[in-house]
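**Student:** Below is one structure. I have some questions about it.
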């Protein structure tokens with residue numbers, strides 16, 4: 001497979017109304033780094049937490065399709081709230097260099113209790129970049145559930161994209177989980193967070209043995225990565241440092257931890273999802 005260059009744009013964003021910023025920085029990145037073949041932005045980069053139809057996927061998608069086509073790049077312009085019938089979903093589009101919508105990724109685990117009223121997705125999102133490999137994507141809080149990344153890996157994903165939006169004090173914990181995910185799934189893992197008023201930055205790109213390929217500070221930054229999916233295949237076949245082969249072990253194990261073995265009573269006793277109160 002061919003090497004492939006990705007730019008994760010960690011931008012200084014306002015709380016909302018960031019279309020002009022996103023477009024300007026996308027063009028600048030492609031001009032400064034003309035070898036880049038994919039641009040990835042953070043979760044809800046354009047509209048932030050606003051659920052206004054102005055920032056909906058339906059409204060914004062055609063504009064970003066034109067940009068991808070003009071720049072001849074794969075484009076993930078963050079995610080958008082998608083309004084369909086009576087449901088709202090958090091959805092990230094994948095746009096080809098021809099300007100076509102290849103697929104959409106729906107956030108599986110909305111960040112409850114803060115992201116109330118968002119309908120969760122239920123299918124792993126993978127897509128093929130011809131002559132490069134299989135990519136997967138999950139969004140922000142999905143990282144906290146290893147089942148989501150395992151589902152992507154078991155569907156062949158050699159690279160996992162992770163648009164995120166975190167402005168809270170648990171960003172360091174997320175970076176730890178990102179590295180663990182790259183190791184567990186033996187894949188490239190590209191986590192891009194917002195900066196500015198939206199997020200804390202600290203984006204990170206990891207290789208299939210968990211090695212840090214690039215990471216950002218808190219300010220605006222372009223995180224550049226070149227991937228080679230042949231290396232993923234080698235690590236998955238031979239093991240991390242020639243040792244652990246978790247995907248093959250998972251495949252060959254009878255998988256004893258089926259849902260019926262879970263102690264539902266224990267989980268129910270944890271109470272409902274709510275904002276913690278003072279003790």
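**Student:** Kindly provide the set of residues from the stretch 188-209 that are more than 17 Å from residue 244 (Cβ to Cβ) and part of a loop (DSSP other than H, G, I, E, B), ordered by number.
**Tutor:** Taking the stretch 188-209 and keeping what is more than 17 Å from residue 244 (Cβ to Cβ), we get 188, 190-205.
Once the filter is applied, which keeps residues that are more than 17 Å from residue 244 (Cβ to Cβ) and part of a loop (DSSP other than H, G, I, E, B), the stretch 188-209 yields 193, 194, 197, 198, 199, 200, 201, 202, 203.
**Student:** Can you pull out the residues in the stretch 1-27 that are in a helix (DSSP H, G or I) and either under 18 Å from residue 196 (Cα atoms) or in contact with a strand residue (DSSP E or B) (Cβ under 9 Å, 6 or more places away or on another chain) (or both)? Working first, answer last.
**Tutor:** Initial filter on the stretch 1-27 (in a helix (DSSP H, G or I)): 19-27.
The answer is 19, 20, 21, 22, 23, 24, 25, 26.
**Student:** Follow-up question, since we're still on this one. Somewhere in the stretch 186-209, is a residue surrounded by fewer than 20 Cβ atoms within 10 Å (Cβ to Cβ), under 20 Å from residue 150 (Cβ atoms) and either in contact with a strand residue (DSSP E or B) (Cβ under 8 Å, 6 or more places away or on another chain) or modelled with pLDDT under 80 (or both)?
**Tutor:** So far as the stretch 186-209 goes, yes, one or more of its residues are surrounded by fewer than 20 Cβ atoms within 10 Å (Cβ to Cβ), under 20 Å from residue 150 (Cβ atoms) and either in contact with a strand residue (DSSP E or B) (Cβ under 8 Å, 6 or more places away or on another chain) or modelled with pLDDT under 80 (or both).
**Student:** Here's another thing I want to ask about it. Go through the stretch 57-78 and report how many residues are within 19 Å of the chain's Cα centre (by Cα) and surrounded by fewer than 19 Cβ atoms within 10 Å (Cβ to Cβ).
**Tutor:** Here the count works out to 1.
**Student:** Something else: For the stretch 28-52, give me each residue that is touching a helix residue (DSSP H, G or I) at 6+ places or on another chain (Cβ under 6 Å) and assigned to a helix (DSSP H, G or I).
**Tutor:** If the condition is that a residue be touching a helix residue (DSSP H, G or I) at 6+ places or on another chain (Cβ under 6 Å) and assigned to a helix (DSSP H, G or I), then 30 is the only one that fits.
**Student:** Among the residues of the stretch 124-141, are any without any contact (Cβ under 8 Å) to a residue 60 or more places away in the chain, buried (at least 17 other Cβ atoms within 10 Å of the Cβ) and in a helix (DSSP H, G or I)?
**Tutor:** Looking for residues that are without any contact (Cβ under 8 Å) to a residue 60 or more places away in the chain, buried (at least 17 other Cβ atoms within 10 Å of the Cβ) and in a helix (DSSP H, G or I), one finds at least one in the stretch 124-141, hence yes.
**Student:** What pairs come out if I take residues in the stretch 48-65 that are in contact (Cβ under 8 Å) with a residue 24 or more places away in the chain and at negative phi and pair them with residues that are surrounded by 13 or more Cβ atoms within 10 Å (Cβ to Cβ) and part of a helix (DSSP H, G or I) whose C-beta lies under 7 Å away, six or more apart or interchain?
**Tutor:** Final answer for the pair search is 53/59.
**Student:** Condition first: surrounded by 14 or more Cβ atoms within 10 Å (Cβ to Cβ), farther than 29 Å from residue 154 by Cβ and more than 13 Å from the chain's Cα centre (by Cα). Can you find one or more residues in the stretch 98-112 that meet it?
**Tutor:** For the stretch 98-112, residues surrounded by 14 or more Cβ atoms within 10 Å (Cβ to Cβ), farther than 29 Å from residue 154 by Cβ and more than 13 Å from the chain's Cα centre (by Cα): present.
**Student:** Next up: Taking the criterion of being in contact with a helix residue (DSSP H, G or I) (Cβ under 9 Å, 6 or more places away or on another chain) and either free of Cβ contacts under 8 Å to residues at least 24 places away in the same chain or surrounded by fewer than 19 Cβ atoms within 10 Å (Cβ to Cβ) (or both), would at least one residue in the stretch 145-153 satisfy it? Spell out the reasoning first.
**Tutor:** Looking only at the stretch 145-153, we keep the residues that are in contact with a helix residue (DSSP H, G or I) (Cβ under 9 Å, 6 or more places away or on another chain), and these are 146, 148-150, 152-153.
Next, only the ones that are either free of Cβ contacts under 8 Å to residues at least 24 places away in the same chain or surrounded by fewer than 19 Cβ atoms within 10 Å (Cβ to Cβ) (or both) stay: 146, 150.
Within the stretch 145-153 (the criterion being in contact with a helix residue (DSSP H, G or I) (Cβ under 9 Å, 6 or more places away or on another chain) and either free of Cβ contacts under 8 Å to residues at least 24 places away in the same chain or surrounded by fewer than 19 Cβ atoms within 10 Å (Cβ to Cβ) (or both)), the answer is yes, since at least one residue qualifies.
**Student:** Here's another thing I want to ask about it. What are the residues in the stretch 164-187 that are touching a helix residue (DSSP H, G or I) at 6+ places or on another chain (Cβ under 7 Å) and either touching a residue at least 40 places away in the same chain (Cβ under 8 Å) or part of a helix (DSSP H, G or I) (or both), if any?
**Tutor:** At the first step, the residues of the stretch 164-187 found to be touching a helix residue (DSSP H, G or I) at 6+ places or on another chain (Cβ under 7 Å) are 164-166, 174, 177-178, 181, 184-187.
Selection gives 164, 165, 174, 177, 178, 181, 184, 185, 186, 187.
**Student:** Spot the failing condition for residue 20; the list is (1) surrounded by 15 or more Cβ atoms within 10 Å (Cβ to Cβ); (2) without any contact (Cβ under 8 Å) to a residue 60 or more places away in the chain, and only one is missed.
**Tutor:** Every listed condition holds for residue 20 apart from (1).
**Student:** Might you let me know whether the stretch 227-241 holds any residue that is in a strand (DSSP E or B) and at pLDDT 95 or above? First the steps, then the outcome.
**Tutor:** As a first pass, look at the stretch 227-241 and keep what is in a strand (DSSP E or B): 227, 240.
Imposing the further condition that a residue be at pLDDT 95 or above reduces the set to 227.
Yes: one or more hits.
The values are calculated or read from the model by the stated rules, or taken from the named source; none is laboratory data. Keep in mind the model is a prediction, meaning the values are calculated, not measured. Reconstructed Cβ throughout: ideal geometry from the backbone, glycine too, with neighbour counts over all protein chains shown.
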